[in-house]
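Heads up, the thing below is written out as structure tokens.
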Amino acid sequence: IQHSEPDRNLPWPQDRTVVMGILNVTPDSFHDGGRYERIKDAVARAEAMIDAGADVIDVGGESTRPGADPVEIEEELDRVVPVVEELADLEVPISVDTRRPEVARAVIDAGADVLNDVEGLQDPEMRRVAAETGVPVVLMHSIEAPVDPENEIHYDDVVEETIRELGDRLLAAEKAGVDREQVIIDPGIGFGKTAREGFELLDRLAEFEALGCPLLFGHSHKSMFGLTGEQAGAAPNSTIAATAIAARNGADIIRVHDVAENVAAVNVADAAADPEGFEP
Ligand SMILES: Nc1nc2[nH]c(S[C@@H](C(=O)O)c3ccccc3)nc2c(=O)[nH]1
């Protein structure tokens, strides 16, 4: 499967599968050394991911843990803005995983290059930020984030319905002035979807090409791998295997925690897709 047409002006290579390294800047993702320590630690982690081959870093200040109580805006700003300011000087683009327009505006002003909205621009204000700034935006499919374990959604065909709903979100975004060229779509693995639905999406990823946008796949350490003998938060091997399949099935960007391992997996997929043309 070839990657989306190379004429997009996205801040990463378009002739191979791109690896996005996850940088959680929630307090529970660092030893408690205090604020300055945490910022230093975050920058060190980002640099390590870049050295390991990450093409973009995704900074998130609010883990959308199921049932977690949402973080206050001030707290989220305090966590992500200083880190974005430090990372803005690094040589790879910075994405920010936020559901809040206020945070989106602040991090773009601080130097962030990409918006990653797990609510798929459902918030009109978020659409306005995307339209006004023109930054690339990841439009992820989610019935609701944070994931509500009680609210079991039933799909007849999870792939068809996810594509249709993403199409609706895309139209709403375009109506708000968002340029389709700046949109990256994402099936939202685990957000209101079962493990088996996750594998169905993985298997039929090529069908998302109908939307004509680059595709991001975010499966790293997710609960779908309970089906393959690993657990949420501790599924390194299933993650790497799924990365190779997703890349081979047309994912343009893979969002992962363990960069080096998943860089190898995308290289295997890209080499298999184009044995003559692949360049290490
Ligand atoms: N674009 C895009 N952004 C994302 N942010 C996340 S948060 C998720 C995680 O496991 O990272 C998560 C879910 C639940 C609790 C903690 C963390 N997942 C995606 C994704 O699949 N796509």
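Since every read-out is calculated from the coordinates, none of them should be taken as a lab result. Small disclaimer: the values here were computed from a predicted structure and weren't measured. Reconstructed Cβ throughout: ideal geometry from the backbone, glycine too, with neighbour counts over all protein chains shown.
Determine, for HIS31, HIS221, the number of other Cβ atoms within 10 Å of each Cβ, and report the residues in order from fewest to most.
With the sparsest Cβ surroundings first, the list reads HIS31, HIS221.
Neighbour counts of other C-beta atoms within 10 Å: give me SER142, SER95, SER223, SER29 arranged from fewest to most.
SER29, SER223, SER142, SER95
With the crude spin-label approximation of a point 7 Å out along Cα→Cβ, what separation in nm comes out for GLU125 versus ASP157?
Rounded to a tenth, the inter-label distance reads 3.8 nm.
Determine the shape class of segment 127-280: with a ≥ b ≥ c the square roots of the Cα gyration tensor eigenvalues, call it rounded for a/c under 1.5, and otherwise prolate if a/b is greater than b/c, oblate otherwise.
It comes out oblate by the Cα gyration axes.
Could you tell me the ratio Rg/Rh of segment 95-199? Both radii from Cα atoms, Rh via Kirkwood.
Radius of gyration relative to Kirkwood radius: 0.99.
Averaging over every viewing direction, what projected area does the convex hull of the Cα atoms of the chain cover, in nm²?
Result: a mean projected hull area of 13.6 nm².
Find which of ILE108, THR194, LEU166 sits farthest along the positive direction of the dipole of the chain, computed with +1 on the beta-carbon of Lys and Arg, -1 on that of Asp and Glu, about the Cα centre.
THR194
Cα to Cα, under 14 Å, and not fewer than 8 places away if on the same chain: which aspartates and glutamates meet these conditions relative to LYS222?
The qualifying aspartates and glutamates are GLU197, GLU230, ASP258.
For segment 67-145, what does the relative contact order come out to in percent, with C-alpha contacts under 8 Å and a separation of six or more?
26 percent
Would you mind listing how long segment 160-232 runs along its three principal axes, going by Cα atoms, in whole Å with the largest first?
Taking max minus min along each principal axis of the Cα atoms, segment 160-232 gives 44, 19, 18 Å.
Give, rounded to the nearest 20 debye, the magnitude of the charge dipole that the chain has about its Cα centre when Lys and Arg contribute +1 at Cβ and Asp and Glu contribute -1 at Cβ.
180 debye
Enumerate the aspartates and glutamates that LYS40 could reach by cross-link, defined here as Cα to Cα under 13 Å, with residues fewer than 8 away along the same chain left out.
Cα-Cα hits under 13 Å: ASP32, GLU85, GLU86.
List the GluC sites (Glu not before Pro) within segment 152-208 that fall in a DSSP loop (any state other than H, G, I, E or B) and whose Cβ has at most 13 other Cβ atoms within 10 Å.
Here the sparse-neighbourhood loop sites are GLU152.
Kindly point out which whole DSSP H helices in the chain project their C-alpha atoms 20 angstrom or further along the helix axis while averaging a Kyte-Doolittle hydropathy of 0.0 or above.
Both cut-offs are met by 73-87, 259-273.
So if R0 is 25 Å, what FRET efficiency would GLU72 and ALA232 give, r being the distance between their Cβ atoms, rounded to the nearest 0.05?
0.45
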